[in-house]
Amino acid sequence: MPTIHYILKDGTTREVDAKVGASVMETAIRGNVRGIDAECGGCCSCATCHVYVDDAFIDLLPPPDDMESALLDAVASERRPGSRLSCQLSITAAFDGLTVRVPDTQV
């Protein structure tokens, strides 16, 4: 079972065991990770699950599609090269150790 590391706004890290096939957002919600609001429930329509993916994992991820990219252009916190919507990141075994940082704000 892959473990996802969420770095919270206060700098602390939460480690949550993830199910292969679940999203990084679903794993955060199940693990009660604060700062990932996920207002749309994972429908890729609100951008309140924005995270910054650690540079070491960016190449493991498929690029964002047009819808995700458009939503990332409107996130509340700065868009960075590692910005992704966690609802669009489906966990595989290769994600073990994935580290994402929760932005300062989602709204």
So, over other residues within a Cβ distance under 11 Å of Q88, counting Lys, Arg +1 and Asp, Glu -1, the net charge is -1
Note on the chain: contact order normalised by length, alpha-carbon pairs under 8 Å, 6 or more apart, percent, works out to 41
Of F57, F95, ordered by accessible area with the largest first and a 1.4 Å probe, the sequence is F57, F95
For the chain, what is the mean residue ellipticity at 222 nm derived from helices alone (per DSSP H run of n ≥ 4: -39500 (n - 2.57); sum divided by total residues; nearest 500 deg cm²/dmol)?
-> -3500 deg cm²/dmol
Would you mind giving the average projected area, over all directions, of the Cα convex hull of segment 3-101 in nm² with one decimal?
-> 5.6
Give the residue from G82, N32, V53 lying farthest towards the positive end of the charge dipole for the chain; charges sit on Cβ (+1 for Lys and Arg, -1 for Asp and Glu) and the dipole is referred to the Cα centre.
-> N32
Net charge near I4, counting Lys/Arg +1 and Asp/Glu -1 over other residues with Cβ under 10 Å of its Cβ?
-> -2
Among residues other than R34 whose Cβ falls under 14 Å from its Cβ, what is the net charge (Lys/Arg +1, Asp/Glu -1)?
-> +1
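The values are calculated or read from the model by the stated rules, or taken from the named source; none is laboratory data. These numbers were taken from a predicted model, which means no experiment stands behind them. Cβ sites come from the backbone with ideal geometry, for glycine too, and all protein chains shown count toward neighbours. What goes into the accessible areas is simple: the full protein's heavy atoms, side chains included, and nothing from ligands, DNA or RNA. Shrake-Rupley method; radii C 1.70, N 1.55, O 1.52, S 1.80 Å.
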